[in-house]
Structures are given as C-alpha cells and as structure tokens.
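Here the structure comes first, spelled out in structure tokens, and everything after it is commentary.
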Amino acid sequence: TIELTKSKIKDSYSQYLYAKSLQTIGWEYLNFKGKPDTANILLEKASRNYATIVSDKKIGSYAQKGMATCYAYFGIIQSDKGNYDKAIDLYTKALKIFEKLGDKKRMAPCYGNISTLYKQMGQFDKAKEYIIKTLKIYEETENKNGISGCYNNLGIIHEEQKNYDKAIEYYTKSLKINQELGNLKGVMECYNNVCIVYTNIKDYNKATEYCLKAMKISQELGNKESISYCYGNLGNINIELKQYNKAIDCFLKSLKLNEEIGDVNGISTVYGNIAYLHLSIANSDTITYTEKQYHYKEAINFGLKAFKIAREINATQRINGAAEHLKDAYKGIGNTSKAFEYAEIYIATKDS
C-alpha cells in the first residue's frame, strides 16, 4: 500500500516519488501478477502525476522518462489484448519522449516492440524498417543480446517474405551469438525458427531435428509458450508426412497450453492449423465421399474460430491463413458463394 497520498505531496520531488511508486507497483501487477487491469489503473495515476511536473527544472526530465515508461507499459497491455494499432500509438508516444531525451537504451526496445507489432499485422517492410533502427542502436552500444534478437527478428521477417536463404543466414548469426552467451532461451528460439524454414522447404527430417532440439530446451526452461509452439511445429510436420493422428495430438497439446497462458494469437494459430489438418485429410484419396464432407465441415468449424479471433486482434497473417482454409473448405462442400467470399478476403490480405 502506498501511504503517501496526493494530499500529503508538498513538492515536485515528492510528487515524482509518488508517481514512481505507482509506476513500479503497476509494473509488478503487469509483469509478475498477471493483472493488467489493475496495472492500467495504477499506471494511469502515475502518468497523471508525472504530467504535473514534466516542466519542473530540476526533475522534469525524470518525470518525462517516467511518463514515457508508462506509455510503453500501456503499449504492452494493449498488445497483449491484441489491440495492435493502439499499442503502436502508445509505443510511438513513448519513443518520441525517449528520442527527445536522447535515451537510446530505452529507444531500442520501443523500436523493437513496434517492429514486432507490424510483423504480427503482416506489414513486413514496416517491421524491417523498425528492427533495423533497433539493430543500429544495439551495434552502437555493443549489446550482444540485442544484436542477436534483431538478427532473429530479421530472420523471421525474411522467412515470412519467403526469402529462406536470408532467413537461415540471420537465424545462424543469432544462434551463434546466443551459444556464445549461453542464452538457452535464445538458442531455443533459433532452433524453432530454423525448424520452420526447413518445414517450408520440405526438408522434414531437418525440421524435426531442430524442433526436437527446441522442445528439449523449452521443457528444461518450463517455457509453456515455446513448448506450445514446438507442438504446433511438430503437428505441421506430421501433416506433411501424412501422420494425421500424431498431428492432431500435437495441436491439442498446443491449444491447451495457449489457453492456459491466455495467448489469443496462439489459439488462433492452432485453430488454423487444425483447419488445415482437416483439409489435408479431406483432400486425400484414401477416404470416402462422406468422410471427405465431414473433414471439410470440420475445417470450416475450426477455420471460422481462427478467423474470428484473428479479426478481433487485427492479425492480418492469421486472417489470411484462415481465409485460405475457409475458401478451400467451402469449395469442397460445394458452397461457391462462401468460397468466393473468403477468396476475396484471402486476396485482399495476401500482401497487406
């Protein structure tokens, strides 16, 4: 409990300490207690108090930095809720203040977070623009962890743009730095990403090898998000190998973990993967017409779930993937009007 109340604040320094306390406790609720609504209330109070002293000659710059930090925390809250446009606006507000103060240490994460959000929205050129800004700062400050993270993110962006050789190049650079630093989480992420590239180029043995390496580290670290991601990757590999029972088992494990941690983007991804699984079965030559219709309908069921969440969080990539599955599934059951409807959405979101 903060005993210092507003009525007791007699000078700017006390006002700053009060705001700083609110900010610190707000961060505790956001980052450690998982209570973003409570955090939001505390951070709003902190930012209002900072606003009253930003022009103070002695501590104005500290108040400005505090206000910018609150904006960044608000960005995290909105990002976690899937409100990407709002999150970008908030990170941009924070960034403008940090730029004015010349605080490169705090500018870099803002650039990085904005890049991540643009990537989630499928705006890869924007994502690349901001991650290169981040990389430049980390290179100037010789921050190896930061440099590694930027290489990894550049790999992801090139992978999404199907520049697979470039993707492997950046993932390898990131992996090397993480191994030098003994950063297991970073190594794990690189293994996962290399797995995806090998899946895309249909080298399923290599893909499985790297996925299992990532899974081993994820389990050692107890990282549910990454374990879920690994199960998703293994599921997709098993679809391509036509091992459908193994694939659905992996996806259901991934879904359960995403639900436990409240990852709505991850939930949408799994629903999309299950839709693709049913499409793959429906399109096989070894099942009856009745079985095909069942799997097309299941693809529609899960595709609609994926599409609904993707729309809610404005995740363009997920919208595009779900729309593709829905157009194919509706075509499979002979519903041409619905197939055309989702085909239009698929085309509209393909390069956005």
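The values are calculated or read from the model by the stated rules, or taken from the named source; none is laboratory data. A quick note: this is a predicted structure, and the numbers were derived from the prediction, not measured. Ideal geometry is used to build each Cβ from the backbone, glycine not excepted, and the neighbour counts take in all protein chains shown.
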task = Starting from residues that are of a type in the set (A, V, I, L, M, F, W, C) and touching a His at 6+ places or on another chain (Cβ under 9 Å), keep the ones in the stretch 263-296 and report whichever is farthest from Asn314 (Cα to Cα).
result = Ile287
task = Scan the stretch 127-149 for residues that are among the hydroxyl-bearing types (Ser, Thr, Tyr) and surrounded by 18 or more Cβ atoms within 10 Å (Cβ to Cβ) and jot them down.
result = Tyr130, Thr134, Tyr138, Ser148
query = Of all residues in the stretch 150-165, which are free of Cβ contacts under 8 Å to residues at least 12 places away in the same chain and either surrounded by 23 or more Cβ atoms within 10 Å (Cβ to Cβ) or part of a helix (DSSP H, G or I) (or both)?
reply = Asp165
remark   = Restricting the stretch 295-352 to residues that are in a loop (DSSP other than H, G, I, E, B) and polar (S, T, N, Q), the one nearest to the chain's Cα centre (by Cα) turns out to be Asn314
ask   = Which residue out of Ala310, Ala247 is in contact (Cβ under 8 Å) with a residue 24 or more places away in the chain and closer than 22 Å to Gln161 by Cα?
value = Ala310
task = Give the residue, chosen from Thr290, Thr286, that is part of a loop (DSSP other than H, G, I, E, B) and either of a type in the set (Ser, Thr, Tyr) or within 10 Å of Ala275 (Cα to Cα) (or both).
result = Thr286
request  = Consider Glu260 carefully, then state whether it is modelled with pLDDT of 95 or more, assigned to a helix (DSSP H, G or I) and surrounded by fewer than 17 Cβ atoms within 10 Å (Cβ to Cβ).
outcome  = no
inquiry  = Return the residues of the stretch 132-167 that are among the β-branched types (Val, Ile, Thr) and modelled with pLDDT of 95 or more; say none if nothing qualifies.
reply    = Ile132, Thr134, Ile137, Ile147
message = Tell me whether the stretch 122-140 contains one or more residues that are within 18 Å of Ala315 (Cα to Cα) and outside any helix (DSSP H, G or I).
response = yes
task = Identify, by number, the condition in (1) closer than 30 Å to Tyr151 by Cβ; (2) buried (at least 23 other Cβ atoms within 10 Å of the Cβ); (3) of a type in the set (Ser, Thr, Tyr) that Tyr50 doesn't meet.
result = (1)
ask   = Only one of (1) surrounded by fewer than 18 Cβ atoms within 10 Å (Cβ to Cβ); (2) farther than 22 Å from Leu175 by Cβ; (3) not polar (S, T, N, Q) fails for Ile97. Which number is that?
value = (1)
key: Residue within the stretch 100-108 that is closer than 28 Å to Ser61 by Cα, among the hydrophobic types (A, V, I, L, M, F, W, C), crowded, with 22+ Cβ neighbours inside 10 Å and within 17 Å of the chain's Cα centre (by Cα) present   = no
query = Which of the residues belonging to the stretch 263-290 are of a type outside the set (A, V, I, L, M, F, W, C) and either crowded, with 22+ Cβ neighbours inside 10 Å or within 25 Å of Gln120 (Cβ to Cβ) (or both)?
reply = Asp263, Asn265, Gly266, Ser268, Thr269, Tyr271, Gly272, Asn273, Tyr276, His278
ask   = Lys86 passes all but one of (1) under 26 Å from Phe32 (Cβ atoms); (2) touching a residue at least 12 places away in the same chain (Cβ under 8 Å); which number fails?
value = (2)
